[in-house]
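The values are calculated or read from the model by the stated rules, or taken from the named source; none is laboratory data. Quantities reported herein were computed from a predicted structural model and do not represent experimental measurements. Heads up, the Cβs are rebuilt from the backbone with ideal geometry, glycines too, and the neighbour counts pull from every protein chain shown.
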Amino acid sequence: MSIPRIQIEALDKRFETGDCEVIALQDANLSIAPAEFVTLVGASGCGKSTLLRIVGGLEPASSGTVSVDGKPISGPGIDRAMVFQHYSLYPWLTVTENIKFCRQLKMHRDVSTSADVEAAGGRADALIRLMGLGHVMQAYPNQLSGGMQQRVAIARALMARPRILLMDEPFGALDAQTREVMHDLILHVSILEKTTLLFVTHDVEEAIYLAHRVVLMAPRPGRIEAIYEVPLPDHRDQDMKQTQEFLALKKQILAGIRATSGMQTDHDLLEQLGNAPAH
């Protein structure tokens with residue numbers, strides 16, 4: 001039996017705010033296989049981003065463990081790359097320099113041959129073309145739109161060929177058409193390079209289209225409520241979103257989010273609200 005790429009066991013995270021304790025995560029357990037694509041969905045406050053940050057080594061757990069390839073993590077590592085909701089680019093570097101930055105750090109640490117340098121340059125050029133950034137490669141972040149900045153951040157994360165890619169709503173700033181292109185691109189890259197992905201999103205359609213499994217999280221306290229297998233082949237196209245299997249799973253997950261969010265849609269309550277006088 002193969003060792004999971006990511007193993008999350010009995011994971012708790014508590015935040016102390018004065019005299020109050022907030023339970024962000026409670027008893028989270030999840031096993032993710034090598035090259036598996038897993039998406040996290042759920043209502044706000046369910047701990048999706050907190051879980052992602054703990055796996056990335058950016059946030060300590062209160063209790064429980066996260067292991068990568070059987071070894072407990074104690075902080076960030078070169079085996080994991082993260083793309084945040086916000087772009088986190090270096091403003092003093094150009095697009096090309098931002099994308100190559102992690103590789104330049106590695107070259108300063110290691111003894112690299114000219115062939116290594118050439119290979120890294122070729123990968124950076126390929127990522128720039130894939131992300132549609134060829135016309136702005138010498139531009140600085142403040143000269144780019146939000147969507148372009150996020151594409152630079154994604155290219156930078158992919159530059160080092162991480163075994164694990166952690167993404168926190170990375171496509172939220174992109175327009176609908178570009179988002180679909182990025183979906184197909186990240187799927188292609190994950191299959192080609194056998195990358196393991198853990199991906200946070202509020203978009204259920206996006207979650208299903210990208211993932212092998214969708215993990216539904218629930219708030220108060222943050223926890224894993226349900227896990228759904230996605231009945232789609234690895235090689236996907238946008239037309240699959242119209243299939244009965246896709247639409248049925250989308251309906252099921254949306255119902256799960258509504259049921260765990262605490263928001264009421266009862267018609268009697270809505271009528272009562274409509275009849276209540278305003279003060």
Quick check on the stretch 82-95. Is at least one of its residues assigned to a loop (DSSP other than H, G, I, E, B) and either in contact with a Ser or Thr (Cβ under 6 Å, 6 or more places away or on another chain) or among the acidic types (Asp, Glu) (or both)?
no
All-but-one check, SER74 against (1) modelled with pLDDT of 90 or more; (2) in the same structural domain as ILE227 (by TED's automatic domain parsing); (3) over 16 Å from ARG220 (Cα atoms); (4) assigned to a loop (DSSP other than H, G, I, E, B), failing number (1)
What pairs come up if the first residue lies in the stretch 25-46 and is within 28 Å of GLU193 (Cα to Cα), the second is in a loop (DSSP other than H, G, I, E, B) and of a type in the set (Ser, Thr, Tyr), and their beta carbons are under 8 Å apart, counting only those six or more places apart or on different chains?
ALA33/SER2; PRO34/SER2; ALA35/THR195; THR39/THR201; LEU40/THR201; VAL41/THR201
Looking at the stretch 197-224, which of its residues are farther than 15 Å from PHE37 by Cα, in a strand (DSSP E or B) and of a type outside the set (Lys, Arg)?
MET217, ALA218, ILE224
Looking at the stretch 130-152 only, could you name the residues that are in contact (Cβ under 8 Å) with a residue 24 or more places away in the chain and closer than 11 Å to THR96 by Cα?
LEU133, VAL136, MET137, GLN138, ALA139, TYR140, PRO141, VAL152
Of those in the stretch 143-182 that are in contact with a Phe, Trp or Tyr (Cβ under 6 Å, 6 or more places away or on another chain) and in a helix (DSSP H, G or I), the residue farthest from ILE73 (Cα to Cα) is ARG179
Qualifying residue in the stretch 50-68 (condition: touching a Phe, Trp or Tyr at 6+ places or on another chain (Cβ under 8 Å) and either under 23 Å from ASP234 (Cβ atoms) or of a type in the set (Asp, Glu) (or both))
no
